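Here's the structure, in structure tokens; my notes come after.
The values are calculated or read from the model by the stated rules, or taken from the named source; none is laboratory data. Treat the numbers as computed from the prediction; the structure is a model and nothing was measured. We place every Cβ from the backbone using ideal geometry, glycine too, and count neighbours over all the protein chains shown.
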Amino acid sequence: MTNWKRWYKVLLLFIIFHVVYLGGQLLAEIPAARGNQSSQALLQMSALFALLLTFFGGYAWYVEHHVKVAPHYSLPVHLKHLLSSIATGLALMIGLNIVFQFLLQLLHIVPETSQNQAGINQMFAQNSLSQMMTLALVVVIAPLCEEVIYRLLLIGPIKTKAVQPTKKHRFRLAILSWVLFILVHMSAQILDLVLHFSTTGLVGVVTSSFSYGILSFVLVREYYLHGSLARSVALHMSWNILAAGVLFIS
């Protein structure tokens with residue numbers, strides 16, 4: 001039987017979390033986009049990022065200590081798990097992306113940069129404050145906030161103090177998490193395609209969706225198998241660090 005009370009709560013939190021996350025991100029981007037590099041602008045950005053980290057970190061801490069039945073590992077074992085997740089996750093992401101790029105070459109399709117990625121590239125190309133803000137957002141803020149929303153909130157823990165979800169139930173939630181992550185990141189591009197349909201736009205949406213689909217699949221897989229937010233956040237951060245490094249080099 002469907003627990004509608006839980007789903008109303010999840011939907012409400014899903015909306016609130018996105019309002020807080022995207023609102024804080026927007027308010028942090030404004031001074032950087034305007035070229036305001038004063039100490040006041042830096043303080044505003046720092047305060048907003050601190051609030052986001054506190055808000056989402058606080059929710060994660062609450063679930064970890066009051067809802068989830070969490071195993072307790074020593075620090076060396078915990079670090080070993082994180083490094084294992086990062087290594088296997090990055091290898092899987094890189095391998096799948098290589099296969100995807102190979103298929104695009106066979107089909108003679110030139111992939112387009114998604115609007116979300118184009119916005120990040122644009123912020124990197126502006127002033128030093130904008131670069132610093134974007135780097136903090138991409139490497140620290142986004143991985144934590146998005147993993148809390150799409151993994152911890154939507155999929156949930158493997159075991160809780162109240163109930164132990166079935167594998168079938170968690171698998172369905174994992175599919176939901178995978179799909180929503182893609183749709184939210186592609187929302188602007190999909191809307192633009194609906195309003196101004198073109199074959200080029202359709203190809204751009206499909207190829208960009210596959211790129212986000214690979215990232216979402218590996219992150220969902222990591223959380224689904226282990227139920228560890230720390231592992232999925234560490235993997236997400238590592239991938240974004242790698243992507244940011246490539247962007248800086250190029």
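Checking each residue of the range 45-64 against the condition of being assigned to a helix (DSSP H, G or I), in contact (Cβ under 8 Å) with a residue 12 or more places away in the chain and more than 18 Å from residue 144 (Cα to Cα) gives no match.
Taken over the range 180-214, the criterion of being surrounded by 15 or more Cβ atoms within 10 Å (Cβ to Cβ) and touching a Gly at 6+ places or on another chain (Cβ under 9 Å) is satisfied by 181, 182, 189, 192, 193.
When each of 187, 177 is tested for being at pLDDT 95 or above, under 22 Å from the mean Cα position of the chain (by Cα) and among the small types (Gly, Ala, Ser), the lone residue that passes is 177. Checked against the criterion of being at pLDDT below 95 and under 18 Å from the mean Cα position of the chain (by Cα), the candidates 116, 127 yield just one match: 116. The residue that is farthest from residue 241 (Cα to Cα), counting only those in the range 142-174 that are modelled with pLDDT under 95 and of a type in the set (Lys, Arg), is 161. Has the range 61-76 got any residue that is among the aromatic types (Phe, Trp, Tyr), within 12 Å of residue 141 (Cα to Cα) and at pLDDT 90 or above? There is no residue in the range 61-76 that is among the aromatic types (Phe, Trp, Tyr), within 12 Å of residue 141 (Cα to Cα) and at pLDDT 90 or above.
Does residue 246 count as surrounded by fewer than 20 Cβ atoms within 10 Å (Cβ to Cβ), in contact with a Pro (Cβ under 9 Å, 6 or more places away or on another chain), part of a helix (DSSP H, G or I) and among the hydrophobic types (A, V, I, L, M, F, W, C)? Judged against the criteria, residue 246 is not a match. Checked against the criterion of being more than 30 Å from residue 204 (Cβ to Cβ), loosely packed, with under 13 Cβ neighbours inside 10 Å and over 23 Å from the mean Cα position of the chain (by Cα), the range 87-96 contains not a single residue that satisfies it. Residues that are surrounded by fewer than 16 Cβ atoms within 10 Å (Cβ to Cβ) and under 20 Å from residue 59 (Cβ atoms) occur at least once in the range 138-160. Pairs linking a residue in the range 230-250 that is within 19 Å of residue 213 (Cα to Cα) to a residue that is surrounded by 16 or more Cβ atoms within 10 Å (Cβ to Cβ) and of a type in the set (Phe, Trp, Tyr), with Cβ atoms under 6 Å and 6 or more positions apart or on different chains, are 232/223. Taking the numbered list (1) touching a residue at least 40 places away in the same chain (Cβ under 8 Å); (2) part of a helix (DSSP H, G or I); (3) of a type outside the set (A, V, I, L, M) in turn, residue 36 passes all entries but (2). Considering only the range 28-37, I want to know if a residue exists there that is under 23 Å from residue 217 (Cα atoms), aliphatic (A, V, I, L, M) and surrounded by 12 or more Cβ atoms within 10 Å (Cβ to Cβ). Checked the range 28-37: no residue is under 23 Å from residue 217 (Cα atoms), aliphatic (A, V, I, L, M) and surrounded by 12 or more Cβ atoms within 10 Å (Cβ to Cβ).
Picking from residues in the range 143-174 that are of a type in the set (Ser, Thr, Tyr) and over 12 Å from the mean Cα position of the chain (by Cα), the one that is nearest to residue 207 (Cα to Cα) is 166. Scanning the range 172-191 for residues that are in a helix (DSSP H, G or I), touching a residue at least 24 places away in the same chain (Cβ under 8 Å) and under 11 Å from residue 114 (Cβ atoms) returns 182, 185, 188, 189.
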